[in-house]
1. So what is the diffusion coefficient of the protein assembly as shown in µm² per second by Stokes-Einstein at 37 °C and 0.692 mPa s, using a Kirkwood Rh over Cα pairs?
2. Assuming 0.692 mPa s and 37 °C, estimate D for chain B with Stokes-Einstein, Rh taken as the Kirkwood radius over Cα pairs, in µm²/s.
3. Can you compute the equivalent ellipsoid semi-axes for region A:102-155, i.e. the square root of 5 times each eigenvalue of the Cα gyration tensor, sorted largest first and rounded to whole Å?
4. Give me the orientation-averaged projected area of the Cα convex hull of region A:133-227, in nm², one decimal.
5. Expressed as a rounded percentage, what relative contact order does chain A have, with Cα pairs under 8 Å and six or more residues apart?
6. Of the listed pairs A:104/B:353; B:20/B:251; A:241/B:60; A:37/B:321; A:143/A:237; A:144/A:237, which have alpha-carbon separations greater than 28 Å here?
7. Quick one: which residues, 5 or more positions from residue A:248 or on another chain, have an amide H under 5 Å from its amide H? H modelled 1.01 Å from N in the peptide plane, none for Pro or chain starts.
8. Loop-only chymotrypsin sites (Phe, Trp or Tyr not before Pro) in region B:164-265, please: DSSP not H, G, I, E or B, and at most 16 other Cβ atoms within 10 Å.
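A short reminder: the numbers here are calculations on the coordinates, not readings from a lab. Being a predicted model, the structure only gives us computed values, none of them experimental. Please note: Cβ atoms are built from the backbone with ideal geometry, for glycine as well, and neighbour counts cover all protein chains shown.
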Amino acid sequence: MNIPVVADLAAKGESPEVLFWVGCAGSYDDRYKRVTKAFVKIMNAVGTNFAVLGTEESCTGDPARRAGNEFLFQMQAMSNIQVLNGYGIKKIVTACPHCFNTIKNEYPELGGNYEVIHHSTFLQQLINDGKIKLEGGGSFKGKKITYHDSCYLGRANNIYEAPRQVLEALDADLVEMKRCRTTGLCCGAGGAQMFKDAEKGKKEINVERAEEALSTGAKTIAVACPFCMTMMTDGVKNKEKEAEVSVKDLAELIVEAKGL
Amino acid sequence: MIQQIAFVITLGIAAFLIRKRTLRIRDNIKLGKPNNIKDRPSERLQNMLLVAFGQKKMFKKVIPALLHFFIYVGFLVINLEVLEFVVDGVLGTHRVFAPFLGSFYGVLMNVFEFLAVAVLLACVFFLLRRNVMSIPRFQSAELNKWPRLDANLILITEIVLMTAILSMNAADQLLQGRDEHYVATGNLFFSSFLIPLFENLSTSTLILVERFAWWFHIIGILGFAVYVTYSKHLHIFLAFPNTYYGKLEAKGHINNMPVVTNEVKSMLGIGTDAPATPAEPGRFGAKDINDLSWNSLMAAYSCTECGRCTAECPANLTGKKLSPRKIMMDTRDRMEDVGNSIAVGGAGLNDGKSLLGDYITKEEINACTSCNACVEACPVLINPLEIIVELRRYVSMEESGAPASWNNMYQNIETNFAPWKFSPSDRFNWSKEG
């Protein structure tokens, strides 16, 4: 794998066309690291001029802001913006809807203005431009896949179609859950819930959502968010279906279908 | 003449009460923090026309939307008839517009009657939905006592008012042949079905029935107008400004705190154009209603407690205490309590209570996933999430009272620049793993 680092490029007087913002989950979470690598494989395969910040990257501050610690959020935001602006970054792609939302919608008023796209949109564009060709759809042809909308892509940013178009390119049989798109049910991890136990209730949100996903009969649950990935995987395990049903990111599905 | 004087007095009392109550609501909303919303007026106007006037978001649920639409159009159109009532009442005339409009008057009356019947049927159906069909969002505990009674009173009042219009028109049609004071309207389709009930009555009794129905209807309407200002039904007016001032940014965007920006900039040694110390720092986040923006407070008065937000809330659906509808109801209740206290020279905001703690608990706000399902669901662009985030800000920044695991997460971000306890030097290790 070729993974250029922005600082190395800068030392040579170069800068990447697009910065791949890996995110904390993409950097540290064992499951999501596989998504990070899958996405890098795709970018390598199509020859994207990208680079990562490596150890210079740091949390966007999303969970801090949503849990209520605005100071910490802004400290993170400002130091990230200093780094990004210092390297003259213009365009950012990320596989995390929370990073995507924060950098896209919340960094501009703090001085960080970039073109920010989520990897689902990035992949959709590669498919539309013919840079990724999925002749015959590969191993997913005709197989039932359901897509779980990430709140921070969907309702938060009105991105509903890009991930679905990626799945359609796989020639898969896309089956929708009853609650999808604008009424998609949250996985339960947003708003910093990822970092604490749920409040007292009758049921875990991810179990409720996993039940709904399983009821579609799909053997693959496609996600596009690290938190959704964790929550849906745990939900499927809770229903003891992990042997038959897998939870996968869009980038992983493309890598699988293309045999990259 | 006596009737005219009585009418003018009635009208005056209603106007006085409505004015008094409107000023109180305005004062209560002004307890909130100023928030100068002047950007993108054309987008705002468009939102108001589509969402409030055009009821765009209601139509996500087609059947209730259609029935609601009948009541809404009925309200708008039948008010034209109320205008005639008022003119007649003041001048002592009867159906003053009829001679000017000629045969069109009859057409107009038939349209009003059609709407009256549609409103009546819709209200009956809504009463059934609320009380007989078990729709979860109408059964929630937060609707117990007054809110449920309020909803039923509104529906019953509308049914009674529509019945009064139809009875009046039935009696009126009979009188048109018997008394020259009653101008011909032509056949009024719906009310003529009620004629058999009245046709054996003497002319003087009929006049009594017609007059009673007329007075009942106009007093009912004026009384209802006063009542609305005390009720969840205020959405009929406030939906318009609320959609106008609704959030235009992407739903994922959380409002910035410029006060914090200035402090962070000076901590990081970045130049700032704003003065180092803002004129009035106030609290970080919101503990009480005066810490919220005025538009969040207006939103609370705009809420008609339909519960579409709560019906979509993942926390609520899985049995957590959070209900976005209750957040809005609590905010309004707190405003009312504070406003009432101020009006009698009481302690007002300093009554030892606060929105957070005495109305809304931490358990509720801690359950929110910020998924925006409630915001998406609201037919009048209310944003409960804005209030939840402000309350969380107070808990985290003023009380340091966030859940222990959140404090750990904060600490991890501060020391490791990631919400988990991993070393920042390991951040790029993934590149070396197979």
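1. So the translational diffusion coefficient is about 115 µm²/s.
2. 130 µm²/s
3. Value: 31, 16, 5 Å, ordered largest first.
4. 6.6 nm²
5. In percent, rounded to a whole number, it is 19.
6. Pairs exceeding 28 Å: A:104/B:353; B:20/B:251; A:241/B:60; A:37/B:321.
7. Long-range HN contacts for residue A:248: A:221, A:222, A:223.
8. B:189, B:230
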